[in-house]
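Working notes, beginning with the structure itself.
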Amino acid sequence: MEIIAQYGHIFLIMACVFGFFMAWGVGANDVANAMGTSVGSRALTIKQAIIIAMIFEFAGAYLAGGEVTSTIRKGIIDPDLFNDTPELLVYGMLSALLAAGTWLLIASILGWPVSTTHSIVGAIVGFSAVGISVDAVAWGKVGSIVASWVVSPVLAGTISFMLFRSVQRLILNTEDPFNNAKRYIPIYMFAVGWMISMVTLTKGLKHVFKDANISLAFWQDALIAAVMGLVVMAIGVVMLKRVKRDPEAEKENRFASVERVFAILMIFTACAMAFAHGSNDVANAVGPLAAVVNTVQQGAVTAKAVMPPWILLLGGAGIVVGLATYGFKVMATIGRKITELTPSRGFAAELGAAATVVLASGTGLPISTTHTLVGAVLGVGLARGIGALNLRMITTIAASWVITLPAGAGLAILFFFFFKGVFG
């Protein structure tokens, strides 16, 4: 208690700096995943992707980023253990923020798409297991996170593979791809609107609904999403009418006009993925920050950490700065280095990833946005044959996923004992 009273203001400043750094890492790495398919397929330029992400990630983070979040993210450790020594929770959460931020910086420099969730989980597990007690960790939760390394990319890859095969059969491998694209793409647009609305309703807006005492059943979510799907389809049909055939471009590439039709689809998926991602993942970045702020202000560990609006603003700003300053590296990996993406392939990958998040929400599977999108891009590549994939890059990405949890843990342990030595 005395330590918090003595150094409280320093802890708050450090928490804000580390929280911004962590949010920067989310922008540089995680948001770049969400935008990578749109940029890699050339449906959007990097500048357009950054502008869309700035608006929709920030809107998602601020409007639906969670009014109230648990003090300890995802129930990984027991807050009751810190009742007598709240300063240890402060050291731990500062360490977790700095460790996860540092690992995301390293991964972003190397162009590795890693999971924000797993970075922060690894960091929290590390400081609590070594600094507090091995029994303090809910190992069952950690086990389910490790299982998601396999489940989410395989599921997303399978859905994206089937989606792209349907695009090949209905549109690309036909005598008149352009007219078939105009005929079938409104159906895909409905699917995009429905899926992304489901992501937002089941994942992004759950905190808002909870605070407003609104409880929607899965079928009610599906019905609202169907209405949104029809709205997206109507807007899409209006935009499709403006796309004219380009015979000159088709002489060089038979699918040139078709890909321009799919590029319109990618604008919808990019906006919606950014909103859903911002609403879902910003709480991961600022959850530990809220825990430190509440512990310092209350002078004790509280069961619930209220999320003040300024923390969400800080998180949203950090995400935007991270994407704008360093997002291009991971965007290049997702968009160009795994397999060559065109708008039709990028659409299949993004819709496959969104479908996986919806399925996971309905079944309670713990998954990572990063792993889901990488798996989806792999599925699209496989639909064109194993030769379309960059196997060396895939091996590197898989290794970076396995390293993430222990890397976050190791860094957090070092920082935890450093803070304990300096302040304790």
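Side notes on the structure shown:
- Hits in segment 197-221 (condition: in a helix (DSSP H, G or I), modelled with pLDDT of 80 or more and surrounded by fewer than 18 Cβ atoms within 10 Å (Cβ to Cβ)): F218, W219, Q220
- The listed residues are L81, L12, L63, and the only one of them that is farther than 30 Å from V258 by Cα, modelled with pLDDT of 80 or more and either over 16 Å from the mean Cα position of the chain (by Cα) or assigned to a helix (DSSP H, G or I) (or both) turns out to be L12.
- Segment 20-49: number of residues that are farther than 17 Å from G111 by Cβ and either among the hydrophobic types (A, V, I, L, M, F, W, C) or touching a Pro at 6+ places or on another chain (Cβ under 9 Å) (or both): 9
- Meets criteria (among the acidic types (D, E) and exposed (fewer than 15 other Cβ atoms within 10 Å of the Cβ)) for E252: yes
- Residues within segment 225-256 that are more than 20 Å from N180 (Cβ to Cβ) and in contact with a Ser or Thr (Cβ under 7 Å, 6 or more places away or on another chain), tallied: 3
- Among the residues of this structure, F268 counts as one that is among the aromatic types (F, W, Y) and modelled with pLDDT under 85.
- When segment 150-196 is filtered for residues that are assigned to a helix (DSSP H, G or I) and of a type in the set (V, I, T), the ones remaining, listed by number, are V150, V151, V154, T158, I159, V167, I171, I185, I187, V192, I196.
- Segment 229-249: number of residues that are in a loop (DSSP other than H, G, I, E, B) and surrounded by 17 or more Cβ atoms within 10 Å (Cβ to Cβ): 1
- The residue that is modelled with the highest pLDDT, among those in segment 105-141 that are crowded, with 24+ Cβ neighbours inside 10 Å and outside any helix (DSSP H, G or I), is V114.
- Count - residues of segment 375-402 that are out of contact with any helix residue (DSSP H, G or I) (no Cβ under 8 Å at 6 or more places or on another chain), aliphatic (A, V, I, L, M) and in contact (Cβ under 8 Å) with a residue 12 or more places away in the chain: 0
- Considering each residue of segment 255-262 in turn, at least one proves to be polar (S, T, N, Q), assigned to a helix (DSSP H, G or I), touching a residue at least 24 places away in the same chain (Cβ under 8 Å) and touching a Pro at 6+ places or on another chain (Cβ under 9 Å).
- Residue check, S368 closer than 18 Å to M273 by Cβ, modelled with pLDDT under 80, of a type in the set (S, T, Y) and out of contact with any strand residue (DSSP E or B) (no Cβ under 7 Å at 6 or more places or on another chain): yes
The values are calculated or read from the model by the stated rules, or taken from the named source; none is laboratory data. For clarity, every value in this text was computed on a predicted model and none was experimentally measured. Glycine also receives a Cβ, built like all others from the backbone with ideal geometry; neighbour counts cover every protein chain displayed.
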